[in-house]
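Just so it is clear, none of the values below were taken in a lab; they were calculated from the coordinates. Because the structure is a prediction, the values reported are computed rather than measured. Neighbour counts run over all protein chains shown; Cβ positions are idealised from the backbone, glycine included.
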Amino acid sequence: MERTAVYPGFFDPITNGHVDIILRGLKLFDSIIIAVLKNPKKEALFSTKERVTMIEEIFADQPRIEIQVFGGLLVEFVRSHKGRIVIRGLRAVSDFEYELQMALMNRQLDPDVETLYMMPSVHYSFLSSNIVKEVVSMGGSVAGLVPEIVEDRLKEKLRQGKLSISQ
Ligand code: PNS
C-alpha cells in the first residue's frame, strides 16, 4: 500500500525550511500532498494561485509530490484524500505550544489522523515566511533561504510596492 502524507501550510511564501521538511518527508513516504491553505480572512502577500505556482515550479521534477489547495478543516481534507498522516516542521521550542494545540485539536476532530513532527536542518531553524518578507521589505537579501523563484517573486513584489513591513 502506498504511504502518503499531507504537508499543510499557508506558504506565503514557501521557504527552504519548508522545502527541507518536504524532502525529509519523501524519505519516509511514497508521496506527499502539499496542502496550501486558501484563507480569505488571512492577509497574504501572494495570492493562492501565486503560492501554488511557485511550489509547482520548485517541485516540477518531483513526481511524488502533489499540490492541492484546501479551505476549512485540515482533517477533512486529509480524510477526503484517504490520508492519515500530517507532517509538520518543528523549528524551536517556541513552535511547540501552537503545534501541540493544533495536533491535539486535530486528534480530537479525527482520532485517526496522526501528526508527525520533523526538525528542519539547523541552517533553517530560524526561518519563517514572515521574517523572509520583513528582510526583503527592508532591502535585505534572502538568497539561500528561499528557492530562487521565490526570491525573484519577492523582489517583484518589492518593486511593485506591494511588500510593506507590516506583511
Ligand atoms: O503555515 P502555517 O500557518 O503554520 O499553517 C497552519 C495550518 C494551515 C496547518 C493550519 O492553520 C490549519 O490546519 N488550518 C486549517 C483549519 C483547521 O483545520 N483548524 C483546526 C486545527 S488547528
Starting with the fewest neighbours, write out 48, 15 ranked by other beta-carbon atoms found within 10 Å of each beta-carbon.
48, 15
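If the limit is 20 Å between Cα atoms, which of 27/133; 41/155; 49/133; 133/157; 38/155 go over it? The partial results should precede the final answer.
Details: 27/133 30 Å; 41/155 25 Å; 49/133 18 Å; 133/157 10 Å; 38/155 23 Å.
Correct reply: 27/133; 41/155; 38/155.
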Check: C-alpha center segment 10-42 vs C-alpha center segment 50-129, spacing in Å is 6 Å
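Per residue and in Å³, how big is the convex hull formed by the alpha-carbon atoms of the chain?
Values: hull volume 19.4 nm³, N = 167.
Convex hull volume per residue, Cα atoms: 116 Å³.
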Only sites in a loop by DSSP and with at most 10 other Cβ atoms within 10 Å count here; which trypsin sites (Lys or Arg not before Pro) in segment 73-105 make the cut?
82
Taking neighbour counts of Cβ atoms within 10 Å as a proxy for exposure, in what order, fewest first, do 4, 53 appear?
53, 4
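What does the charge add up to near residue 136, with Lys and Arg as +1, Asp and Glu as -1, over the other residues with Cβ less than 12 Å from its Cβ? Kindly include the intermediate steps, with their values, before the conclusion.
Numbers: positive: 133, 153, 155, 157, 159, 162; negative: 134, 151, 152, 156.
Neighbourhood net charge equals +2.
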Angle between the Cα long axis of helix 93-109 and the longest principal axis of the chain, 0 to 90 degrees, nearest 10?
40 degrees
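For the chain, which longest stretch is free of loop sites, where a loop site is one of the GluC sites (Glu not before Pro) that DSSP puts outside H, G, I, E and B and that has at most 13 other Cβ atoms within 10 Å?
Numbers: sites that count: 2, 43.
The answer is 44-167.
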With the dipole of the chain defined by +1 on each Lys or Arg Cβ and -1 on each Asp or Glu Cβ, the option from 115, 10, 90 whose Cα lies farthest towards the positive pole is 10
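Looking at segment 14-110, I'd like the Rg to Rh ratio, where Rg is from alpha-carbon atoms and Rh is Kirkwood's inverse mean 1/r. Please report the intermediate quantities before stating the final value.
Numbers: Rg = 13.8 Å, Rh = 14.7 Å.
Using Cα coordinates only, the ratio equals 0.94.
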Where labels lie 7 Å past Cα in the beta-carbon direction, separation of residue 60 and residue 125 in nm:
3.4 nm
Within segment 53-143: Cβ-based charge dipole about Cα centre, in debye rounded to nearest 20 (Lys, Arg +1; Asp, Glu -1)
120 debye
Theoretical ellipticity at 222 nm over the chain - DSSP helices of four or more residues, -39500 (n - 2.57) apiece, nearest 500
-12500 deg cm²/dmol
Among 100, 45, 90, residue whose mean-square fluctuation peaks in a GNM of the chain (springs only between Cα atoms under 10 Å)
100
Taking the number of other C-beta atoms within 10 Å as the exposure measure, put 41, 27, 133 in order starting with the fewest.
41, 27, 133
Measure nothing fancy, just the Cα-based angle from helix 48-58's long axis to the longest principal axis of the chain, in degrees from 0 to 90, nearest 10.
90 degrees
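How large is the dipole of the chain about the Cα centre if only Lys and Arg carry +1 and Asp and Glu carry -1, each at its Cβ, rounded to the nearest 20 debye?
On the way: 21 positive and 22 negative charges, 50 e Å.
It comes to approximately 240 debye.
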Whose amide H sits under 5 Å from the amide H of residue 87, counting only residues 5 or more places off or on another chain, with H placed in the peptide plane?
6, 7, 116
